[in-house]
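Q: The structure's right below; bear with me while I get my questions together.
Just so it is clear, none of the values below were taken in a lab; they were calculated from the coordinates. Everything numeric in this text was worked out from a predicted model, so none of it was measured. Backbone-built Cβ (ideal geometry, glycine too); neighbour counts: all protein chains shown.
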Amino acid sequence: MMRDWIFTYKGHSSIVSAVAWSPDGQRITSSSYDGTVQVWDAVDGGHVFTYEEHSHDVDAVAWSPDGKRIASGSYDGTVQVWDAVDGGHVSTYHGGVRAVAWSPDGKCIAFNGGKRTVQVWNVTDGSQVYAYHGHSREVNAIAWSPNGKRIASCSIDETVQVWNATDGGQVFTYEEHSSEVWAIAWSPDGKRIASSNGTMQVWNAVDGDQVFTYQGHSNSVCAVAWSPDGKRIASGSFCAVQVWDATDWGQVYAYRGHSNFVFVLAWSPDGKRIASSSRPLLQESTQDDHTVQVWEAP
C-alpha cells in the first residue's frame with residue numbers, strides 16, 4: 001500500500017543530514033550541509049527558528065529526552081548543545097562528528113569524537129566519561145539501548161559493536177554485514193537491533209544471533225527506524241521507504257516521494273507519522289531535494 005505525504009519542509013539550501021522529533025511530537029529539528037540546524041512545527045511545517053553557530057556542515061542532531069535541549073554535531077569539530085526553545089547556546093564539546101545520541105536519562109551524550117572513536121560525556125559537569133576505541137574505521141551511527149545500559153555503534157569497518165554504556169567495555173561484535181554499515185536502531189524493548197547496508201538485518205541484542213534479513217529493497221539500505229510500539233520497522237533505500245511487520249517480516253506499505261537515497265528516517269513519538277529525507281549515496285548531484293518530507297504512518 002502506498003501512503004500520502006502530509007507536508008514537505010523546504011527550509012534548507014543543501015542536503016538534509018538528520019532529523020529528530022521533539023519528545024512531545026510538536027516540533028521537528030533538522031540538520032543540513034548548509035551549516036544550520038532548523039526547528040519547525042511538526043503539525044504544519046512552519047519555521048520556528050534556525051541555529052547557525054556551526055561553521056561547517058552539520059551532520060547529526062538529537063533532542064534531549066526532556067525536550068529542553070538539542071545537540072548538533074558538525075564537521076567543524078564540535079558538538080553544540082543549545083536551548084530547544086530559543087536556540088541559546090548551552091555548551092560545546094570538541095570532536096569530529098557524524099553521529100550524536102543522548103542517553104535515555106539525559107545525563108550523557110555519545111558522539112564519534114574521532115573517525116574511529118566514540119566519546120561519552122557527562123552533560124551536567126562537562127566531563128568526559130570515557131572513549132570507546134573498538135572500531136577500525138569511521139563510525140557512522142550510535143544508538144543507546146532503551147534502558148541506557150548499552151550502546152551500539154556501526155562503522156565503515158562493516159561491523160556493529162555493542163558495548164557497556166558505563167565503562168565502554170565491549171560486549172560483542174556483529175559481523176554479518178558484507179559492506180559499510182550505515183544505520184542502527186534498537187527495538188523499543190531492547191531485545192533486538194536492526195542494522196543496514198546492502199540489506200536490512202535484525203538480530204538478537206543480547207548475543208548477536210541473527211533473527212532475520214529483509215531483502216525487499218533493490219538498492220542499498222541507508223536508514224532504519226523502529227516504530228515506537230516495536231511492531232514495525234521502516235527502512236530507506238533509493239527513492240523509497242518500506243515499512244514492514246517486525247513479527248512476520250511482511251511488507252506493510254511503501255512511500256516513494258524522494259528523488260535519491262533515503263538516509264534519514266524518524267518516527268513521531270505517537271507512531272502516526274514518519275519524517276524522511278534523501279541525498280546521493282556518494283556525492284552531490286542535480287537530484288538533491290534538500291527537503292524533509294512528513295507522511296502518514298498508520
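Q: Given the peptides 241-247, 182-188, 47-53, arrange them by the average over their residues of other C-beta atoms within 10 Å, most packed first.
A: Result, highest mean first: 182-188, 241-247, 47-53.
Q: For the chain, what is the relative contact order in percent, using Cα pairs closer than 8 Å and at least 6 residues apart in sequence? The partial results should precede the final answer.
A: Numbers: 884 pairs, mean separation 41.3, N = 298.
This gives 14 percent for the chain.
Q: For region 195-210, in order, what is each residue's ³J(HN,Hα) by Karplus, 6.51 cos²θ - 1.76 cosθ + 1.60 with θ = phi - 60°, in whole Hz (x at glycine and Pro)?
A: Per-residue couplings from phi come out as 9, 9, 8, x, 10, 9, 10, 10, 8, 5, 6, 8, 10, x, 5, 6 Hz.
Q: Okay, next question. Could you give me the ³J(HN,Hα) list for region 87-94, computed from phi with Karplus coefficients 6.51, -1.76, 1.60 and θ = phi - 60°, whole Hz, x at Gly and Pro?
A: So the J values, rounded to whole Hz, are x, x, 6, 10, 7, 10, 10, 10.
Q: May I ask for the Rg/Rh ratio of region 188-271, computed from Cα atoms with Rh as the Kirkwood radius, given to two decimals?
A: Taking Rg over the Kirkwood Rh, I get 0.94.
Q: Just to be sure I follow the rule: in the chain, considering lysines 8 or more places apart or on different chains, how many pairs have Cα atoms under 13 Å apart?
A: So the count works out to 5.
Q: Given the peptides 164-176, 27-39, 214-226, arrange them by the average over their residues of other C-beta atoms within 10 Å, most packed first.
A: 27-39, 214-226, 164-176
Q: Further question: What FRET efficiency do you get for K149 and Q215 if R0 is 41 Å and r is their Cβ-Cβ distance, rounded to the nearest 0.05?
A: Efficiency at R0 = 41 Å is approximately 0.85.
Q: Based on the Cα atoms of region 1-133, what semi-axes does the equivalent ellipsoid have, where each is the square root of 5 times one gyration tensor eigenvalue, given in whole Å with the largest first?
A: Semi-axes, largest first: 25, 16, 14 Å.
Q: In what sequence, highest mean first, do 128-136, 15-23 appear when ranked by Cβ atoms within 10 angstrom?
A: The peptides rank, most packed first, as 15-23, 128-136.
Q: May I ask for log10 I(q)/I(0) of the chain at q = 0.07 Å⁻¹, from a Debye sum over the Cα atoms as equal point scatterers with solvent left out?
A: Debye output, listed in q order: -0.22.
Q: May I pose another question? Kindly put R273, R256 in sequence by how many other C-beta atoms sit within 10 Å of each C-beta, fewest to most.
A: Taking fewest neighbouring Cβ atoms as first place, the list is R256, R273.
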